[in-house]
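Here the structure comes first, spelled out in structure tokens, and everything after it is commentary.
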Amino acid sequence: MKFGVVVFPGSNCDQDCYDVIKNVLKQDVEFIWHKTTSVDGFDCLIIPGGFSYGDYLRCGAIARFSPIMESVIKFANNGGLVIGICNGFQVLLESGLLPGAMMRNTNLHFICKYVDLKVDTIDTPFSTEYKKGQTIRIPIAHNEGNYYIDDKGLAELKKNDQIVFRYTQNPNGAVDDIAGIVNIERNVLGLMPHPERCSEDTLGGSDGRKIWESIIKWLQKTSIKP
Amino acid sequence: MYEAQVKVTLKKTVADPQGLTIKHALESFGFSGIDGVRMGKFITLTLKSKDEAAAKDEAAKMCGKLLANPIIEDYTIEVVKV
């Protein structure tokens, strides 16, 4: 089982993701520079947080056209697991792998703090180890986490049980308190909170760890080779 | 050469937190009678297109591909000879 952490110019949570997968979860992991065009041999791709391309134009808009993204999209379309965290979520929205768009936080502040989330569905490869309805604490750190989707799109998300995490107290104005969603096929997750920052108790919390454990368990029992 | 002047604005149906904050700031200076403030982006593209229509067409393609996000944004293009 091998994880890949995609690195864009301006990514800054790539080392954290790498460290958690390698040293906490004890799994094989490699960095993938954005100019690479192959993701062969990987079982799960992590698009980490940061400020890819300085957030110029729109968050994730330039990274979405990096050479690696064509392979990431193909990998996802073949059923491979992709998780985008924070800026990674923004990149997945810009790339069309997930529906909706990100706007500035309604209070226009960069918000960096622990928030409570409700686990809305455990029927995804990323959330099986939680309990449905459970409240977990994971930190956020973003300026553009105000998730937007039109009414029709929101109805679709609800109908298909695609909303994975919701804020219990909405920090940024996101539609329907949405903190994380999966695509309709359920193999691509985007979330604003940072599970890699709370996967070991010494860092003040480990509620994020179950996302990685869910992925590992899912990969252990599946035969999909994207 | 032609200059395409691209205005990218949030769709009317999308709330604009920056515009709202600017409105509040202006009101705090005593400017009354402001019905609304919306903020957007202004991008100029200097193009080597053969004529005005080609420049506009090229700029529209750029907007569709990268410059605007159709989920939340609209755009307008004006082309001037430079």
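Here are some residues: A:V175, A:V91. Which one is within 14 Å of chain B (Cβ to nearest Cβ), of a type outside the set (S, T, Y) and in contact with a Lys or Arg (Cβ under 6 Å, 6 or more places away or on another chain)?
A:V91
Quick one: in segment B:59-82, which of the residues that are away from chain A (no Cβ under 13 Å) and either touching a helix residue (DSSP H, G or I) at 6+ places or on another chain (Cβ under 9 Å) or among the polar types (S, T, N, Q) (or both) is nearest to B:I22 (Cα to Cα)?
Within segment B:59-82, the match that is nearest to B:I22 (Cα to Cα) is B:T76.
Residues being touching a Gly at 6+ places or on another chain (Cβ under 9 Å), among the charged types (D, E, K, R) and either exposed (fewer than 15 other Cβ atoms within 10 Å of the Cβ) or without any contact (Cβ under 8 Å) to a residue 12 or more places away in the chain (or both): count how many of those fall in segment A:3-41.
So the answer is 1.
Of all residues in segment B:15-58, which are in a loop (DSSP other than H, G, I, E, B), within 14 Å of chain A (Cβ to nearest Cβ) and surrounded by fewer than 17 Cβ atoms within 10 Å (Cβ to Cβ)?
Answer for segment B:15-58, where residues must be in a loop (DSSP other than H, G, I, E, B), within 14 Å of chain A (Cβ to nearest Cβ) and surrounded by fewer than 17 Cβ atoms within 10 Å (Cβ to Cβ): B:A15, B:V37, B:R38, B:M39.
Being in a strand (DSSP E or B) and out of contact with any Cys (no Cβ under 6 Å at 6 or more places or on another chain) narrows it down to one residue among A:V91, A:V82; which is it?
After ruling out the rest, the residue left standing is A:V82.
For segment A:116-142, how many residues meet the condition of being out of contact with any helix residue (DSSP H, G or I) (no Cβ under 7 Å at 6 or more places or on another chain), away from chain B (no Cβ under 14 Å) and outside any loop (DSSP other than H, G, I, E, B)?
Count: 9.
Out of the residues in segment A:49-61 meeting the condition of being out of contact with any strand residue (DSSP E or B) (no Cβ under 7 Å at 6 or more places or on another chain) and closer than 18 Å to A:C13 by Cβ, tell me which one is nearest to the other protein chains (Cβ to nearest Cβ).
For segment A:49-61, the residue satisfying everything is A:G60.
Only one residue in A:G145, A:G153 is surrounded by fewer than 19 Cβ atoms within 10 Å (Cβ to Cβ), touching a residue at least 12 places away in the same chain (Cβ under 8 Å) and within 14 Å of chain B (Cβ to nearest Cβ), so which one is that?
Going through A:G145, A:G153 in turn, the sole match is A:G153.
Which residues, counting only those in segment A:88-139, are under 13 Å from A:I178 (Cα atoms) and β-branched (V, I, T)?
A:V115, A:V119, A:T121
Here is a list: A:I85, A:I140, A:I62. Which entry is buried (at least 17 other Cβ atoms within 10 Å of the Cβ) and without any contact (Cβ under 8 Å) to a residue 12 or more places away in the chain?
Exactly one residue qualifies, and that residue is A:I62.
Can you tell me how many residues within segment A:96-114 are buried (at least 22 other Cβ atoms within 10 Å of the Cβ), under 17 Å from A:D55 (Cα atoms) and either in contact (Cβ under 8 Å) with a residue 60 or more places away in the chain or more than 10 Å from chain B (Cβ to nearest Cβ) (or both)?
The number of residues fulfilling the criteria is 1.
Could you list, in sequence order, all residues of segment A:105-129 that are among the hydroxyl-bearing types (S, T, Y) and within 13 Å of A:G145 (Cα to Cα)?
If the condition is that a residue be among the hydroxyl-bearing types (S, T, Y) and within 13 Å of A:G145 (Cα to Cα), then A:T106 is the only one that fits.
Readers should treat all values here as calculations from the given coordinates under stated rules, not as data from a laboratory. Quantities reported herein were computed from a predicted structural model and do not represent experimental measurements. Here the Cβ is made from the backbone with ideal geometry for all residues, glycine too, and neighbour counts use every protein chain on show.
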